[in-house]
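Quick notes on the structure that follows.
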Amino acid sequence: MNKSKWGVLLLTVGILAACGDTTEEIGMEEMPEEEMVEEEAGGMDMNEEETTEEATEEGTEEEATEEEATEEATSDAPIAENGVASELLAKGEMTSFVFNEAGEFNVFCEPHPVMKMTVIVEEGAELSGEVAVDIADYEFVETTLTVAPGTVITWTNQDNVRHNVAFQ
């Protein structure tokens with residue numbers, strides 16, 4: 001009797017498994033090929049459009065963030081004028097100043113007064129916007145720099161000792 005129960009059980013499982021396959025095949029055969037292709041293509045197009053939209057949105061967000069960072073750096077930079085000095089900068093730290101007034105600015109490092117540079121601000125100068133200057137080996141990498149009014153210069157300390165940017 002045990003053998004007959006197992007036989008019935010296996011037969012039932014076999015029939016159910018076969019019915020499952022038959023049902024899927026009939027479901028697929030009922031839908032014409034053209035509709036299947038259109039359905040699949042429509043699904044793919046939608047995914048591609050979503051991916052493109054997501055990439056475009058991400059690109060727009062990145063551009064907006066970069067623009068905001070530039071605007072913040074410009075608006076946060078103090079005005080370069082005689083008697084003003086930055087904090088001491090550790091290696092990798094930066095300081096920025098905006099040069100609005102035409103004229104000549106003598107720049108130096110307070111702890112190391114032998115470190116000097118000159119910034120000339122004049123209308124029509126080729127350099128404008130934002131300019132980067134490194135501080136390395138106990139000197140300003142640029143000794144003389146000519147910029148247009150409104151230019152922001154950012155100094156980055158590359159030395160292991162502290163430096164600053166001061167104006168005479």
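The values are calculated or read from the model by the stated rules, or taken from the named source; none is laboratory data. The structure presented is a predicted model; accordingly, all values stated were derived computationally and were not measured. Here the Cβ is made from the backbone with ideal geometry for all residues, glycine too, and neighbour counts use every protein chain on show.
Here Met117 fulfils each of the conditions (1) farther than 17 Å from Phe167 by Cα; (2) touching a Ser or Thr at 6+ places or on another chain (Cβ under 6 Å) apart from (1).
Screening Gly83 against (1) loosely packed, with under 15 Cβ neighbours inside 10 Å; (2) of a type outside the set (Val, Ile, Thr); (3) assigned to a loop (DSSP other than H, G, I, E, B); (4) modelled with pLDDT of 95 or more leaves a single unmet condition, (4).
Under the condition of being free of Cβ contacts under 8 Å to residues at least 24 places away in the same chain, in a strand (DSSP E or B) and exposed (fewer than 13 other Cβ atoms within 10 Å of the Cβ), the residues counted in region 104-135 number 1. Considering only region 143-155, I want to know if a residue exists there that is touching a Cys at 6+ places or on another chain (Cβ under 8 Å) and surrounded by 13 or more Cβ atoms within 10 Å (Cβ to Cβ). No, every residue in region 143-155 fails to be touching a Cys at 6+ places or on another chain (Cβ under 8 Å) and surrounded by 13 or more Cβ atoms within 10 Å (Cβ to Cβ). Is it true that some residue in region 158-168 is surrounded by 17 or more Cβ atoms within 10 Å (Cβ to Cβ) and more than 19 Å from His112 (Cβ to Cβ)? No, the conditions are met nowhere in region 158-168.
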